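The values are calculated or read from the model by the stated rules, or taken from the named source; none is laboratory data. Model, not experiment: these values are computed from the prediction. Using ideal geometry, Cβ is built from the backbone for each residue, glycine included, and neighbour counts are taken over all protein chains shown. Areas reflect the complete protein model, heavy atoms only, side chains present, ligands, DNA and RNA absent. Shrake-Rupley method; radii C 1.70, N 1.55, O 1.52, S 1.80 Å.
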Amino acid sequence: MTIQWFPGHMTKARRQIEDKLKLIDVVIELLDARVPLSSRNPMVDEILKGKPRLVLLNKNDLADPQVTAQWVKYFADQGLPALPIDAATGTATKEILPRVKQLWAHKIERQISRGINPRAVRALIVGIPNVGKSTLINQLAGKKIAATGDKPGVTKGQQWIKVGTEMDLLDTPGILWPKFEDQLVGQRLAATGAIKEELLHLDDIALFVVRYMVEHYGAALQERFGVTDLPEDMENVQEVVKVMEAIGRKRGAIVSGGKVDLDKASLIIIRDLRAGKMGRISLEKPQ
């Protein structure tokens, strides 16, 4: 399966970011803690032109904590501070402003030394669709300002949001890239909900999820769905489909003639993964 998706409003969003960049002090890059590299737009480094950056690993409550710790170290080795958060519950979001101010501390100190009352730090928040930007903005602002939803593409334009008196935050629409050179990236993003379901073959995404779960979280898959026989050869598609069918039977996804409705079974698998019902799962690890 080849996943390609680059709506026109995302081209416009990139232009808007580049136009506003001269006003920005610090960039907050929001990633999905379950797929940090896959949810990182490769164009961002080029667009941001070396601006100080804080990486936030959102949906940390859904990710494997041991793998997340590896990602924090990975980004630190790249010279980027990374903070695991959960925007939905507010976990660790109070640490964001101090981290942003730390990145801009040298400019704040310079303003104070010149007798200037420091202005609010201007931060740009960037991230792909459905990574939780609007939810985070509402947490930081302490009220509902940005529209939220469980589907990508909710934020349509730019807006400035005040975070107390110390930070002004510029929101932008999520930007995906034109084509996923590594199809695994597209599959991971599809599995976590960053791409609209109407553009996908659900059985292909569920196939990827089941294959990955058997290889890395087999016990969690068995516990959630009550399946017992997990294949050893994950390259054999038919063996993986058998697991999907077993899950479908367990969940009553049956059509006339006693056959499994593979689409319905696929949807059950994908939605359970996204809701964290299989446990805390990370779909990629640092190389």
Longest principal axis of the chain (C-alpha) makes with the long axis of helix 183-192 (C-alpha) an angle, in degrees to the nearest 10, of 90
Compute the separation of the alpha-carbon centres of region 250-284 and region 41-62 and state it in Å as a whole number. 31
Could you tell me the ratio Rg/Rh of the chain? Both radii from Cα atoms, Rh via Kirkwood. 1.03
Quick one: net charge of ALA63's neighbours, Cβ under 15 Å, K/R +1, D/E -1? +4
Relative contact order (%) - region 201-275, alpha-carbon pairs under 8 angstrom, separation at least six: 36
Angle between the Cα long axis of helix 237-250 and the longest principal axis of the chain, 0 to 90 degrees, nearest 10? 90
Please build a GNM for the chain, connecting alpha carbons under 10 Å apart, and tell me which residue among GLY218, GLY79, GLY174 fluctuates the most. GLY79
Taking the Cα centre of the chain as origin, work out the dipole magnitude from +1 charges on Lys and Arg Cβ and -1 charges on Asp and Glu Cβ, in debye rounded to 20. 1500
Defining a contact as two alpha carbons under 8 Å apart and six or more residues distant in sequence, what relative contact order in percent does the chain show? 22
Leading residue at positive end of dipole, the chain (Cβ point charges), from GLY174, PRO118, GLY257: PRO118
Distance between modelled label sites at GLN222 and ASP19, nm, 7 Å Cα→Cβ extension: 5.7
Convex hull volume per residue in cubic angstrom - Cα atoms of region 201-275: 83
With the charge dipole of the chain built from beta-carbon charges (+1 for Lys and Arg, -1 for Asp and Glu) about the Cα centre, the Cα from PRO286, ILE17, TRP160 projecting farthest to the positive end belongs to TRP160
Between ALA275 and GLU232, what length comes free when the chain is fully extended (0.36 nm per residue of separation minus the Cα-Cα distance, one decimal in nm)? 12.8 nm
Give the Debye-formula value of log10 I(q)/I(0) at each listed q (0.10, 0.13 Å⁻¹), with one equal scatterer per alpha carbon of region 7-171, two decimals each. -0.35, -0.61
Nearest 10 degrees, 0 to 90: what angle lies between the long axis of helix 65-77 and the longest principal axis of the chain (Cα atoms)? 40
From the alpha carbon gyration tensor of region 28-105, can you work out the equivalent ellipsoid semi-axes (sqrt of 5 times each eigenvalue) and give them in Å, largest to smallest? 19, 16, 11
Ignoring any ligand, DNA or RNA, what whole percent of the accessible area of region 7-171 comes from carbon and sulfur when the probe is 1.4 angstrom? 51
Is any residue of region 21-46 close enough, with backbone N under 20 Å, to a label point placed 7 angstrom from the Cα of THR89 along the Cα-Cβ axis, and if so, which? 31-36
Please find the FRET efficiency linking ILE116 to GLN66, where r is the Cβ-Cβ separation and R0 is fixed at 45 Å, and quote it to the nearest 0.05. 0.50
Comparing ALA105, ALA33, ALA123, which has the greatest mean-square fluctuation in the GNM of the chain with Cα pairs linked when under 10 Å apart? ALA105
Computed over the chain, protein heavy atoms only, probe 1.4 angstrom, the accessible area per residue in square angstrom equals 48
Checking region 206-249 for GluC sites (Glu not before Pro) in a loop per DSSP with at most 16 other beta-carbon atoms within 10 Å yields GLU232, GLU235
Rounded to the nearest 20 debye, dipole of region 190-281 from Cβ charges on Lys, Arg, Asp, Glu: 500
